[in-house]
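First up is the structure itself, then whatever we jot down about it.
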Amino acid sequence: MTARSIGMRVLPRACRDAARGVRDSSMVVRLLSAVPARGCAILRYHSINDDRGWVGDYLRASIVVTPASFEEHVRYLRRHFEIVPIGRIIELLANGQTPDHRWVALTFDDGYEDNYRVALPILRKHGATAAFYITTACVSDETILWGVRLRHAIRNTERTSLACPSLGHHPVDLSTEESRDRATHWITGLVKSRRKTEADELLDEVFDECGVPVGRISHRIMMSWDEIREMRDAGMTIGAHTVNHYNLTCLDDSDVTAEVKVSKEAIEAALGERVDHFAYPNGRTDKHCDARVAGIVAKAGFKSAVTSINGPAGSRFSPYGVPRVGVATRRTGIARFAADLQYTRLKKVVSSSIAEIGASGHGAGRAGRRGSTECR
Ligand SMILES: [Zn+2]
């Protein structure tokens, strides 16, 4: 899919400029497909980094954008969109309104330290703002984010296969870099599909088997509270992303409530102000939000919850089921391919998770209706 094949003649000037001037085709195609001449998009980033060893050992490449690409994105957005705080989009959507031109909000999930060290200076340089959703147990690496620790342990273990009860009876091949990536992807999916205690048990078994101590993690992964406060002081929005980054749809009501409320309270205590916005974790391989979870988020006092479901934001969505546009990685062939897939996905019927949360209501009335969800 190229800008030409979308139909250059019918594209507005902003789109033609974008197709010519911005080399990150992934970004362009997604934005072209996501936002009409009047409308909103919420972009979803994770890490902005080009440090050696960061991609692969700690994070999968698909959630890391280089600083140079990110700055190109911000420049492009400044030219063709109004970059607004997430709260303005939520307020607009809650009132059933549409902006009179293109609005975009930038959001970052998890709370990586490069958000402060790399993304913040770029945002400030261009007078832009963004929202940062923090996984509170992982601030300053007090707990290593489980997905990062899992990737690091599997990449660095001396074992060439892995066997433990939670993974079933067949050993998992770790003999090549590719098989380690496959194993990481597979085990990540398993963790996301299990209840809290079972997920913890599985992770503990895998970490024990891998035998890679946390102390071998050589980077600081997450921002500190001081850095988060400085982000807030620079005009950034700080939101919550749970305490431990479990898949909330697999947790029972009391665990969801704890993950949601405690993360809100921790940030409020650190910042001395109200936290209104939430992002559901773990959108990639499993259903990560539903009406039950949305109800608990609403009841905890949040004004909004963004998802990892791809699509433009519009007033037909509940403020507790807001789609975003995931920003993929570099300017490679595979990124373009991913963008084409993204474009196709955006044209599909909206995700059942979002439909379940509801267009006008926020699912609060449904909170607690089910004691737990079956994830397997
Ligand atoms: Zn996350």
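Note on residue 265 and residue 234: their simple-model spin labels are 3.1 nm apart, each label 7 Å out from Cα toward Cβ.
Entry note, the stretch 146-216: relative contact order of 42 percent, from Cα contacts under 8 Å with a spacing of 6+ residues.
Taking a ≥ b ≥ c as the square roots of the Cα gyration tensor eigenvalues, the stretch 83-133 comes out oblate, since a/c reaches at least 1.5 and a/b does not exceed b/c.
Annotation for residue 163 and residue 200: the two label points, set 7 Å from Cα along the Cα-Cβ direction, are 2.8 nm apart. Mean separation of Cα pairs under 8 Å and 6+ residues apart, divided by the residue count of the stretch 104-168: what relative contact order is that in percent? Relative CO of the stretch 104-168 lands at 32 percent. Note on residue 303: aspartates and glutamates with a C-alpha under 20 Å away, same-chain residues under 8 apart excluded, are 91, 109, 110, 253, 259, 265, 268, 273, 276, 290, 356.
In a fully extended conformation the segment linking residue 170 and residue 355 would gain 62.8 nm over its present Cα-Cα distance, using 0.36 nm per residue.
In terms of packing, defined here as the mean over residues of other Cβ atoms within 10 angstrom, the peptides 121-130, 232-241 line up highest first as 232-241, 121-130. Take each peptide in 67-73, 146-152, count the other Cβ atoms within 10 Å of every residue, and average; sorted highest first, the result is 146-152, 67-73.
Packing order of peptides 311-318, 107-114, 157-164, highest average first: 107-114, 311-318, 157-164 (average count of other Cβ atoms within 10 Å over each peptide's residues).
Taking amide H as placed 1.01 Å from N in the peptide plane, residue 326 has its amide H under 5 Å from the amide H of 44, 311, each at least 5 places away in sequence or on another chain.
3J(HN,Hα) along the stretch 198-215: 5, 5, 4, 4, 4, 4, 4, 4, 5, 4, 4, 5, 5, x, 9, x, 4, x Hz, from the Karplus curve 6.51 cos²θ - 1.76 cosθ + 1.60 with θ = phi - 60°, whole Hz, x for Gly and Pro.
Read the figures in this text as sums done on the coordinates, not as results from a lab. Because the structure is a prediction, the values reported are computed rather than measured. Note: ideal-geometry Cβ built from the backbone for every residue, glycine included; neighbour counts use all protein chains shown.
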